Amino acid sequence: MTGGSDSIVDVGAPPAVRPMLIGGVAVAADARDRLVEPKWDGVRVIATIDGGTLALANRNGGDVTAAYPELQPPPAGRMVLDGEVVAIDGTGRASFGHLQRRMHVRRPAASLVEEVPVTFMAFDLLWSDGELLIGLPLAERRRRLEGLAFGRPSWVVSPVLDLAPESLEQTGRDLGLEGFVLKRPDSTYQPGRRSSAWAKLKLVRRREFVVGGWLEGRDGRVGSLALGVWDGQPRQLRFVGMAGSGLRVTDSAAFRTAVSDLERSVSPFGVGVAPRGVRYLEPLMVAEVMFSEVTEAGTLRHPVLVGFRTDTDPESVIADHELR
């Protein structure tokens with residue numbers, strides 16, 4: 001499925017579409033000629049609604065439908081939507097930490113669904129009643145998306161925000177957003193590809209890291225995590241620092257259970273040295289971390305664990321310009 005008018009055809013059954021990925025880094029001034037959308041703190045999901053049935057796929061194509069039973073298909077026709085599953089915390093903000101309680105549960109109990117309900121924030125319409133829309137400009141896809149009537153409170157159209165560039169940072173912080181996604185209104189949808197037509201405007205520095213080990217803290221709990229990114233040719237895991245802040249007792253217990261079969265005797269870090277006493281792990285877990293900056297030595301300053309990701313391939317966690 002490529003962009004262009006020839007892609008808009010009657011394909012009958014809903015197509016399987018891999019999500020388009022953010023490929024650029026934006027500055028506030030870019031908001032003058034782009035659509036500004038909130039960057040939600042959740043899990044990217046492609047939703048397929050067909051004949052009263054619903055299928056949810058994460059960004060790796062995995063089926064996560066059973067994980068979110070409250071997302072019943074809306075009576076709004078047949079469609080394929082791109083969006084984000086989010087959990088709203090007690091302050092009314094989307095919270096990735098809150099969503100953590102749902103992300104790792106394949107079939108949640110009714111009590112957990114009631115305690116931590118989720119919402120699907122739709123930001124793109126890719127297919128509708130037999131028509132493939134990925135070759136249309138984003139502005140037209142958004143127009144059609146905003147014309148839908150979902151009829152269910154757990155299905156929401158993510159807004160386009162009319163904000164002056166100089167107000168973006170303050171507005172984002174007021175809303176508790178990680179940042180914004182700035183999208184070219186004339187851009188087509190490029191399934192599975194990373195494109196500069198979508199650019200991220202960060203309000204805080206935040207990204208994913210591979211967990212290569214951990215240090216034991218008090219009372220046998222996890223004290224901090226050894227983090228790394230894949231870098232260089234040939235690729236090696238490069239140590240970028242230890243994250244201890246943000247680890248709760250519940251995180252610690254779940255982490256120790258998850259890594260019980262991942263321990264190894266030698267360091268997975270090919271570049272850089274983790275502190276003495278680190279218990280090394282196979283680099284198969286991914287953590288999302290906030291930090292203030294990268295030091296000249298290439299390590300993170302003030303890293304804080306946000307949570308663990310199960311929808312990210314650890315091999316895809318590579319160094320970007322900020323970490324080189």
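Any idea which residue in segment 189-211 is nearest to residue 30 (Cα to Cα), counting only those that are out of contact with any Ser or Thr (no Cβ under 9 Å at 6 or more places or on another chain) and β-branched (Val, Ile, Thr)?
Among those residues, the one meeting the criterion is 210.
Given the structure, is residue 107 surrounded by fewer than 21 Cβ atoms within 10 Å (Cβ to Cβ), among the charged types (D, E, K, R) and in a loop (DSSP other than H, G, I, E, B)?
Taking the combined requirement at face value, the residue satisfies it.
Could you check segment 297-313 and list, in sequence order, the residues that are modelled with pLDDT of 90 or more, in contact with a Phe, Trp or Tyr (Cβ under 9 Å, 6 or more places away or on another chain), over 17 Å from residue 272 (Cβ atoms) and surrounded by fewer than 19 Cβ atoms within 10 Å (Cβ to Cβ)?
Selection gives 304 alone.
Checking the conditions here, which among 241, 270 is assigned to a strand (DSSP E or B), within 16 Å of residue 207 (Cα to Cα), out of contact with any Cys (no Cβ under 6 Å at 6 or more places or on another chain) and at pLDDT 90 or above?
241
Somewhere in segment 260-268, is a residue of a type in the set (S, T, N, Q), within 19 Å of the chain's Cα centre (by Cα) and surrounded by 13 or more Cβ atoms within 10 Å (Cβ to Cβ)?
Checked against the condition, which is being of a type in the set (S, T, N, Q), within 19 Å of the chain's Cα centre (by Cα) and surrounded by 13 or more Cβ atoms within 10 Å (Cβ to Cβ), segment 260-268 yields no hits at all.
Does segment 135-153 include one or more residues that are touching a helix residue (DSSP H, G or I) at 6+ places or on another chain (Cβ under 6 Å) and within 16 Å of residue 190 (Cα to Cα)?
Looking for residues that are touching a helix residue (DSSP H, G or I) at 6+ places or on another chain (Cβ under 6 Å) and within 16 Å of residue 190 (Cα to Cα), one finds at least one in segment 135-153, hence yes.
Just wondering, is there one or more residues in segment 190-212 that are touching a Pro at 6+ places or on another chain (Cβ under 8 Å) and closer than 30 Å to residue 140 by Cβ?
yes
Could you check segment 26-58 and list, in sequence order, the residues that are crowded, with 16+ Cβ neighbours inside 10 Å and among the polar types (S, T, N, Q)?
48, 58
Quick one: which residue in 97, 92, 61, 23 is part of a strand (DSSP E or B), surrounded by fewer than 17 Cβ atoms within 10 Å (Cβ to Cβ) and either of a type outside the set (A, V, I, L, M, F, W, C) or over 17 Å from the mean Cα position of the chain (by Cα) (or both)?
Among 97, 92, 61, 23, only 23 is part of a strand (DSSP E or B), surrounded by fewer than 17 Cβ atoms within 10 Å (Cβ to Cβ) and either of a type outside the set (A, V, I, L, M, F, W, C) or over 17 Å from the mean Cα position of the chain (by Cα) (or both).
On the basis of being free of Cβ contacts under 8 Å to residues at least 24 places away in the same chain and of a type in the set (Val, Ile, Thr), does residue 257 make the cut?
yes
Look through 259, 317, 286 and report the one residue that is within 27 Å of residue 44 (Cα to Cα) and either in contact with a Leu (Cβ under 6 Å, 6 or more places away or on another chain) or outside the structural domain of residue 222 (by TED's automatic domain parsing) (or both).
After applying the criteria, what remains is 259.
The values are calculated or read from the model by the stated rules, or taken from the named source; none is laboratory data. The structure presented is a predicted model; accordingly, all values stated were derived computationally and were not measured. So basically every Cβ, Gly included, is an ideal-geometry build from the backbone, and we count neighbours across all protein chains shown.
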